[in-house]
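Just so you know, all these numbers are worked out from the coordinates, no wet-lab data involved. Just so you know, these numbers come straight off a predicted model, no measurement behind them. Cβ: placed from backbone, ideal geometry, glycine included. Neighbour counts: every protein chain shown.
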């Protein structure tokens, strides 16, 4: 069983006590700081007092950031897969082209190249 601890975090001037596994404490603090930084501009520029509204808007903004990054990574992964497929196809073509030459007896290296 994982040991847990109570971590105090502060988001937009409100303190929360969160129970979390000890090995996740640093990540929780890092996440709280990130959320707090994303919450401040919304609360101050849009004069939102109600914490529920502030939390909802911040959640939407952070989720949007995350989804944009996921989309970019998926596109890069798709490009990498496409490149790998092209390289595999090129290698197959090279092997097919060189196979008959490799079967010839007494072939010189110059003839292969």
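Between residue 2 and residue 28, what's the calculated FRET efficiency when r is the beta-carbon distance and R0 is 22 Å? Round to 0.05.
0.95
I'd like the FRET efficiency for residue 36 and residue 79, computed as 1/(1 + (r/R0)^6) with the beta carbon distance as r and R0 of 30 Å, rounded to 0.05.
0.25
Where the centre of each part is set by its Cα atoms, how far does the stretch 1-43 sit from the stretch 73-102, in angstrom?
47
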